[in-house]
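The values are calculated or read from the model by the stated rules, or taken from the named source; none is laboratory data. These figures come from a predicted structure and were not determined experimentally. Every residue, glycine among them, receives a Cβ derived from its backbone with ideal geometry; neighbour counts consider all protein chains shown. Please note that ligands, DNA and RNA were not included when accessible areas were found on the heavy atoms of the full protein model with its side chains. Shrake-Rupley method; radii C 1.70, N 1.55, O 1.52, S 1.80 Å.
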Amino acid sequence: MAFGKKNQPEIVEEETKIWVCSSEDCNCWMRDNFKSDEKPVCPICKSEMEATSKVLQVVTNNSLYYKENQ
Ligand SMILES: [Zn+2]
């Protein structure tokens, strides 16, 4: 609640279903943008991905995947 300050986007966190790359050499994960039960493959290394959840900041950019610690 910043009054009289520059417009800062409100940071909202929520538990979000994500997919994590199963490869030990790859830290890629991505949000669950799949509405079916279809298993995605890692966009980086094409390994299978495992469903899990993570508390994430809700962001409005349209990046579909992320790397840890980025
Ligand atoms: Zn991967």
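Within the option set K39, K67, K46, being among the basic types (K, R), open to solvent by 100 Å² or more (accessible area, probe 1.4 Å) and at pLDDT below 80 holds for one residue only, K67.
For E24, the conditions (1) modelled with pLDDT of 70 or more; (2) in contact with a Pro (Cβ under 9 Å, 6 or more places away or on another chain); (3) open to solvent by 100 Å² or more (accessible area, probe 1.4 Å) all hold with the exception of (2).
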